[in-house]
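Each remark here refers to the structure printed beneath this line.
Since every read-out is calculated from the coordinates, none of them should be taken as a lab result. Here the structure is a predicted model, which is why all the values come from computation and not from measurement. For neighbour counting, all protein chains shown are included, and Cβ atoms are generated from backbone atoms with ideal geometry for every residue, glycine included.
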Amino acid sequence: MTNTLQTMMYKIFTFTLALTFLSSSTGAQGIDFFHGPWKEALDKAKAEDKLLFVDAYAKWCGPCKAMAKNVFTQQKVGDYFNANFINLKLDMEETDGVTFGHKYEVSAYPTLFFIDGEGKVVKKVVGGQQPDGLISAGADAMKKNDKSGKYAEKYEAGDRSYDLMLSYIKALNAAGKPSLKISNDYLNSNPSITESQKMAFILEAAVDADSRLFDQVIANKDKMANLVGKEEFEKKCEAACQNSVNKAIEFEMESLLTETIEKAKKTFPDRAEIFSLKSSMMFYKAFKSEQNYSTAYRNLARKSGKDAETLKFIVQDIYHNFKGNVKMVTDATEYAGKLFDIKGDMESMNIYISLLVHNKEIDKALKVVTEARTRAEKKGDTLSEYDGMIQYLNSKKA
């Protein structure tokens, strides 16, 4: 390898290493993208009364690749976008993308669109985004697409028909506006509706787990699951529980956290333990309760087994928030080693090496990379990244 190429690879590796912990992935499920033509995706968005989110990208675009790898894959991004949008990726140099480009102008990559069911652009963002920025853009699009006003006028005029009330509650929830009082007032009026309608309304209205409405969800969980399907029922319950966890953190209420975890066990039992441990991590992290936080992530690591994304979540969460705590970083390094054993790819190796460098375990890091390079050479893989990494690590010894 020439000196120029070595220098280039050194710079690439140090940049990659720096990014490893800046892009914190938080779980196994990122954005679920629609597979099909954009016009079908738009029809689906209209049918479900959602906005269509479009990632207009090009294969050669660096920021597009970075978002695909480090942003769209994050659980918090997936949770938000899967719940609120129909999501579509469009290669603008392929046929369907070219057709889309005839209607919607794209002058740089990536360009991100939020489009309503009628095909109107509600919000357009040009350039790569970090996770929180992308979620903020989505929230802003939701507010701009607020349809509650048209229902509010009819409501104030005295319309209490079931379709109007259900649409009104959905619109308020989608816009992030309070809906609890209106929901309770409607139900307390003993409306003339079928049991199925009542179940559907309560499930839509119960946006927080710490509410009497959610207690009714628990009491009628079998009926509701049969009505909307188990997956949809549990998704709504998990979203309501997450809202209450966020409230517990905001108001520093450990009792609310405990209450919410118990309700999670009753409504989505298969995922409740993972949810409770992650929620506990988030709660105790917010208040720097290191002992409780440690207990939560250690239990989560044991529960996760060989689930690579959960291990990655734990490692990066520790590093971002407690990298000065030697015991926690030691745990994170152990988990990072397990992560690399499971996945064996360049990303997981970068994470592991980052921790070893942080711990000043340079010789061990060199051994890990050298052994990985040998395996890659036997498979005929490109070795330049390994060589850049080895050069970087040798420079740390100097």
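Of note:
- Simple point charges give the picture: +1 on the Cβ of Lys and Arg, -1 on the Cβ of Asp and Glu, and for the chain a dipole about the Cα centre of about 760 debye.
- Kirkwood hydrodynamic radius (C-alpha pairs) into Stokes-Einstein, segment 161-287, 20 °C and 1.002 mPa s, D in µm²/s: 143
- In order through segment 381-393: 3J(HN,Hα) via Karplus (6.51 cos²θ - 1.76 cosθ + 1.60), integer Hz, x for Gly, Pro: 6, 5, 10, 4, 5, 5, 5, x, 5, 5, 4, 4, 5
- Peptides 76-88, 188-200, ordered by how many other C-beta atoms sit within 10 Å of their residues on average, highest first, read 76-88, 188-200.
- Calculated over the chain: convex hull of Cα atoms, volume per residue (Å³): 159
- Looking at the chain, the DSSP beta bridges with both ends there are about 55 percent antiparallel.
- Highest mean packing comes first when the peptides 123-129, 375-381 are listed by Cβ atoms within 10 Å, giving 123-129, 375-381.
- Over 28 Å (Cα to Cα) - which of 103/170; 338/397; 65/360; 76/263; 306/378 fall in this group: 103/170; 65/360
- Bridge type composition, segment 30-145 - antiparallel percent by DSSP, nearest 5: 55
- Computed packing ranks the peptides 282-295, 205-218 as 205-218, 282-295, most packed first, by mean other Cβ atoms within 10 Å.
- Added length on full extension, which subtracts the Cα-Cα distance from 0.36 nm per residue, residue 196 to residue 59: 44.6 nm
- Cα-based helix-to-principal-axis angle, 38-47 vs the chain, degrees rounded to 10: 40
- 0 to 90° range, to nearest 10: angle between helix 362-379 axis and the chain longest Cα axis: 90
- In this simple spin-label model, placing a label point 7 Å from the Cα along the Cα-to-Cβ direction at both residue 303 and residue 47 gives a separation of 3.6 nm.
- Using just its DSSP H runs of length 4 or more, each adding -39500 (n - 2.57), the chain gives a mean residue ellipticity at 222 nm of -22000 deg cm²/dmol after division by all residues.
- Near the amide H of residue 89, within less than 5 Å, lie the amide hydrogens of 34, 55, all on another chain or at least 5 residues away, with H placed in the peptide plane.
- The residue list 129, 380, 258 was ranked by how far each Cα lies along the charge dipole of the chain toward its positive end, using unit charges on Cβ atoms, and 380 comes out on top.
- With the cut-off at under 19 Å, measuring from each backbone N in segment 236-279 to a point 7 Å along the Cα-to-Cβ line of residue 230 picks out 236-239, 264-275.
- Net charge in the neighbourhood of residue 109 (other residues with Cβ under 11 Å of its Cβ; Lys, Arg +1, Asp, Glu -1) is -1.
- Value of D in µm² per second that Stokes-Einstein yields for segment 30-145, Kirkwood Rh from Cα pairs, at 10 °C (1.306 mPa s): 115
- Cα-Cα over 27 Å, subset of 50/312; 278/367; 69/323; 123/278: 50/312; 278/367; 123/278
- Sequence-distant residues sharing a close amide H with residue 307 (under 5 Å, placed H): none
- Distance between the pseudo-spin-label points of residue 326 and residue 184 (7 Å out from Cα toward the beta carbon): 5.3 nm.
- A Förster radius of 41 Å combined with the Cβ-Cβ distance from residue 215 to residue 120 puts the calculated FRET efficiency at roughly 0.55.
- Kirkwood Rh and Cα Rg combined as Rg/Rh, segment 305-398: 0.98
- Considering only 176, 358, 115, the residue lying farthest towards the positive end of the dipole of the chain is 358, judged by Cα position with unit charges set on Cβ.
- Nearest-ten-degree value, helix 195-205 long axis tilted from longest Cα axis of the chain: 50
- Here the extension length gained between residue 382 and residue 69 equals 110.7 nm, from 0.36 nm per residue of separation less the Cα-Cα distance.
- When cysteine pairs in the chain are screened for C-beta atoms closer than 4.7 angstrom, the residues that find no partner are 237, 241.
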